[in-house]
Amino acid sequence: MLKVESVSKHYAGKTALNNVSLEAHTGKIYGLLGPNGAGKTSLIRIITCITAPDSGSVYFNNEKMQSRLIREIGYLPEERGLYRKMTVSDQALYFGQLKGMAKSSCLEQMDFWFERLDMQSWRKKKLEELSKGMQQKVQFVLTVLHQPKLIILDEPFSGFDPINAELIKTEVMRLRDEGASILLSTHRMESVEELCDDISLINQGEVVLQGAVKEVRQKYKKSAYMIAYEGNLPAEMRGIQSMNHHQRRDGVIETTMFPEAGASLTDILQMVSSHVHLLEYREMLPSIKDIFIQLVGKSA
Amino acid sequence: MKNILLVSRREYLSRVRKKSFVIMTLLGPFLVALFYGAIIWLALSDSQDNEERNILVLDESGIFSEGIESASNFHYFVNPADTQSSSYFGTLMIPSDFNLDHPDGARYLSSESLNIIQQNAIENQLEKTIKAQKLVRAGLRKATLDSLQTHVNINAAKLDGDTIKEDSSAVNAGAGMIGAFLIYLFIFLYGVQVMKGVAEEKSNRIVEVIISSVKPFDLMMGKIVGIALVGLTQIFVWIVLSGILMAVITPMIASGQVGEIQSAAQNMEHPMAQIQQQGGALSALFQLDFVSLILSFLFYFITGYLLYSAMFAAIASAVDAETDTQQFMFPITIPLIFSMAIAQSLVIKDPNGELATWLSMIPFTSPIVMMVRIPFGVESWQLILSMLFMIFGFIAVTWLASRIYRVGILMYGKKPTYKELLRWMTYKG
């Protein structure tokens, strides 16, 4: 669907992107994660042909990216902005037509989205008459109005209250299920972890980690387990390196266990159940944020 | 191309629908007519000063003992019996040592000061009297003198191929200056609108949304073209309304003018010549080639506006806030201001001179300088060359401006230096 191949970009002595490659697939959500100033927006601007890379190329459906193909993209920039004195429907019509939509299909889509996000009554309102959250919603609709095959969302949830953020999240997942491929860029990694299928972690213009979220977390797991139980465990057990205990309000104790290398999980669980009443257990996987801090902390 | 149209349509409609635009467009010609009407009315009411004034002349030299002829509503009373009458407007005192060869020391006293025209009238009358006496002293008789009085009025005409056209340099200069001034005004008026529009899109961060659908060049051109159409709409409405106004007002003024001329003729020595001269100016006005004037006005207006507004757009794209544009505005508008200043003096005095010719070739100054020259008659090859330069100049400037624009609109933070602007032109992509 979208393929970025060894893209580099330098600005006046500063490296914005260094040899970045990634591949986003149809019907998947791709997370472009990294702190502010990592180069996410630079990469997006290259993908959307706003700027050109110094080297490397971008392919869209196996075709080299060019301005003709940009119509297939819907881009919600981090810095939002619309014409303040224009009505919502005029604005939608204008941006839709700029994306090559016919007026009729533009109106059709407007009906669909305004109905769906409960915005029908705003049609004739000027943007400046709407609240900030409402403006954000309008902007989201304008991004997806032309039914793009690739949707690029830069910090999509900033500026939304939790209810609307959830609403947008649902819409994003629905669009993914309908076959759009979504590139989601954010510095708030925890907010998108559950959304993304694949990720790239970017720091200072370089990809520091890449892959499917599941695999990444598996790869960086420290093989730790959490058990919740009633009763008391002995201070030391065979096959367990260390343990951290934490008592919950309801009296249940949660313990994080770090087994010794080669220890069998079944053995450990059997041993635990012989001492206490085991309520819950799960393998603890690191969050993307933890992994990022681990990686970047290492390199720094 | 389609996007340029879409963008310019939005720019056009969003401006034309504004109340302020509608009001200004409809009221403009009336306001201008009102303005000029007021000036003409004031001027006329001033010249229609018909009050008769008596001047008391206390002549100690005896030079004016034969009296001074009345003129310009001034009546002179030389050493009358009654010097105390309150009906005198002022007193003219001629000292005893005042003589024909050294007519110095005359003083005028009054409670109400003279204006320049009145003072001139009195001085003229004294000079005339002295001159007459000098001629008599030299042995010339008045009859001979009168026969020497000659009045010549050149009826300037322009040879255009085989046809002779009435010509009047005043009318030419006026027509040229009006055209040039309108171009000057419109470039500023609408160029600033382009600047504001770009600054608005940048500061509202609209630009990044649009730029993902439209090329920066299309966005810039769309805006420039849209606003140009707003300007042309306004000009068109103004021309039509002015035409209607002229059609209504001209007969009114004309009938007033005939009366003016007739009453003036009574006081003039050469009424026919005067009337002929006025008639010449009028027919010169009507013989001005309005079609080619308007066409070249439109050409230089459009291309000049395109050239300057592209630069305005580039400036606005480079800075974060509209207020920061001042620093870059000035150097860009210097050629425009310069050519307007030059047009007023040099071009009118020497419209086909070397400087005027050169300036009418340079795209930055030609819209104004050439506009002033055209009514005086410009050789076709010069006009064509100037227009070609203008087209190339506008393409080159727009191209360079768009290079700055496409980088500038996405740059936030510090205000760029001139060096950086130059560097932006060479950026890839």
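Miscellaneous remarks
- Averaged over peptide A:90-101, the number of partner chain Cβ atoms lying within 10 Å of each residue's Cβ comes to 4.
- Fewest-first ordering of B:Trp238, B:Trp41 by other beta carbons within 10 Å of each residue's beta carbon gives B:Trp41, B:Trp238.
- Amide H within-cut-off set for A:Ala16, under 5 Å, with H built and near neighbours excluded: A:Lys9, A:His10, A:Tyr11
- For region B:189-255, the fraction of alpha-carbon pairs in successive 10 Å shells from zero, as %: 18, 33, 20, 14, 10, 5, 0
- Listed by chain and number, the lysines whose C-alpha is less than 16 Å from the C-alpha of B:Lys134, apart from same-chain residues fewer than 8 away, are B:Lys142.
- Counting only DSSP beta bridges with both residues in region B:53-148, the antiparallel share comes to about 25 percent.
- Rg and Dmax of region B:53-148, Cα atoms only, in Å: 13.8, 41
- With 29 Å as the limit on Cα-Cα distance, the pairs of A:Lys14/A:Lys149; A:Lys169/A:Lys289; A:Lys14/A:Lys137 that go past it are A:Lys14/A:Lys149; A:Lys14/A:Lys137.
- Loop-resident sites, region A:121-219, for GluC sites (Glu not before Pro), counting at most 12 other Cβ within 10 Å (DSSP): A:Glu178, A:Glu194
- Pairs beyond 23 Å (Cα-Cα), from A:Lys9/B:Lys414; A:Lys9/B:Lys2; A:Lys125/B:Lys18: A:Lys9/B:Lys2
- Value of Rg to Rh for region A:2-218 (Rh from inverse mean 1/r over Cα pairs, i.e. Kirkwood): 0.97
- 32 Å Cα-Cα threshold exceeded, pairs from A:Lys214/B:Lys202; A:Lys40/B:Lys215; B:Lys19/B:Lys202; A:Lys99/A:Lys132: A:Lys214/B:Lys202
- For B:Tyr108, the residues whose amide H sits under 5 Å from its own are B:Met93, ignoring neighbours fewer than 5 places away on the same chain, with H placed 1.01 Å from N.
- In terms of other Cβ atoms within 10 Å, B:Leu135, A:Leu22 run from fewest to most in the order B:Leu135, A:Leu22.
- Cα→Cβ-extended label distance, 7 Å offset, between A:Asp118 and A:Arg174, nm: 1.3 nm
- The protein assembly as shown has equivalent-ellipsoid semi-axes of 87, 27, 24 Å, by the square roots of 5 times the alpha carbon gyration tensor eigenvalues, sorted largest first.
- Cα Rg over Rh - region A:222-284, Kirkwood: 0.92
- Cross-link reach list, aspartates and glutamates versus A:Lys64, counting only Cα pairs under 14 Å and skipping chain neighbours closer than eight places: A:Glu5, A:Glu23, A:Glu72
- The label-point distance for B:Leu355 and A:Asp290, in a model that sets each label 7 Å from Cα toward Cβ, rounds to 8.2 nm.
- With neighbour counts taken as other beta-carbon atoms within 10 Å, the residues B:Ile235, A:Ile44, A:Ile202 rank, fewest first, as B:Ile235, A:Ile44, A:Ile202.
- Of A:Leu33, A:Leu265, A:Leu117, the residue with the greatest mean-square motion in the GNM of chain A, using alpha carbon springs below 10 Å, is A:Leu265.
A short reminder: the numbers here are calculations on the coordinates, not readings from a lab. Keep in mind it's a predicted model, so treat the numbers as computed, not measured. Positions of Cβ are backbone-derived with ideal geometry, glycine not excepted, and every protein chain shown enters the neighbour counts.
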